[in-house]
1. Which Cα, out of W26, I172, A108, lies furthest along the positive dipole direction of the chain (beta carbon charges, K/R +1, D/E -1)?
2. Explain nothing, just compute: Karplus ³J(HN,Hα) = 6.51 cos²θ - 1.76 cosθ + 1.60, θ = phi - 60°, for every residue of segment 57-70 in order, whole Hz, x for Gly and Pro.
3. Taking the Cα centre of the chain as origin and charging only Cβ (+1 Lys, Arg; -1 Asp, Glu), how large is the dipole, in debye to the nearest 20?
4. Please give me the summed charge of the neighbours of L198: other residues whose Cβ is under 14 Å from its Cβ, Lys and Arg +1, Asp and Glu -1.
5. Could you give the spread of the C-alpha atoms of segment 1-110 along their three principal axes, from largest to smallest, in whole angstroms?
6. At a temperature of 20 °C and a viscosity of 1.002 mPa s, determine how fast segment 47-90 diffuses translationally according to Stokes-Einstein, using the Kirkwood radius over alpha-carbon pairs as Rh; express D in µm²/s, rounded to the nearest whole number.
7. Take I78 and N19, extend 7 Å from each Cα along the Cα→Cβ direction, and tell me the distance between the two endpoints in nm.
8. Using a 1.4 Å probe over the heavy atoms of the protein chains, calculate the carbon and sulfur portion of the accessible area of the chain as a whole percent.
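The values are calculated or read from the model by the stated rules, or taken from the named source; none is laboratory data. A quick note: this is a predicted structure, and the numbers were derived from the prediction, not measured. Reconstructed Cβ throughout: ideal geometry from the backbone, glycine too, with neighbour counts over all protein chains shown. The area values use the complete protein model at the heavy-atom level, side chains included, leaving out ligands, DNA and RNA. Shrake-Rupley method; radii C 1.70, N 1.55, O 1.52, S 1.80 Å.
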Amino acid sequence: ATGKNKNAFKNISLELLYNRLNLFMWAKLLYAGVFVLFLLSLRSQIPQTYRLRRYRLAFLWIVLGFILHGLALVTRCIILARPPVTNLYETFIFVAFVTVLVGIIMEAANKRWLGLVVGSICGFVFLTIAGKYSAEGDTLRMLIAVLNSNFWLGTHVVSITTGYAGVCAAGIVGHVYIIQALAKGRDKKLLETTYRNLIGVLGFGLTMT
């Protein structure tokens, strides 16, 4: 525990629980499961009833993953007494959280798998990348001097990192749009819906950045 924020010592039991539960891993598995359910739903011979069940299960899983993801972030905030956006590891887990939230909002508005695809891909990929930056084991470290201000962490850094999430989500939506545009028997109404979502998410990302 050497070199950590003093507040971490007051929350040692919470930190132990945080490490034991490994909520980010469970969230990542749920996000992966959502994308697998999406791929299974693409089979044309599946009865509509089963397709609907898989959709509902996918939505439930991404919401559950988001809740676990959020609990892990809140726990980090309590342990460190600061926003969780001070290094590459924390940036990736925060960007993953925001992109999943964007995906859930998109799905609630459209109900066409688009938000589930965006949220599951971004959540899984960014949490996987974050894992590469936690190889040393201890991700709860003292702030470097230039970031040692909860005001700037809570405004400047969080705003820009949220912008990263919006732009990344827009990138996934853009790829979905290209795939839909190249598909045989493309649905113009579906393309228009995807395009509107692309512009909305991109506008959000650029504004926050």
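1. Of the listed residues, the answer is A108.
2. Taking θ as phi minus 60°, the curve returns 5, 4, 5, 4, 5, 5, 5, 5, x, 5, 5, 4, 4, x Hz for segment 57-70.
3. Computed charge dipole of the chain: roughly 600 debye.
4. +1
5. 58, 24, 19
6. Values: Rh = 12.5 Å.
For the chosen part, D equals 171 µm²/s.
7. Calculated label separation equals 1.8 nm.
8. Carbon-and-sulfur percentage of accessible area, whole number: 67.
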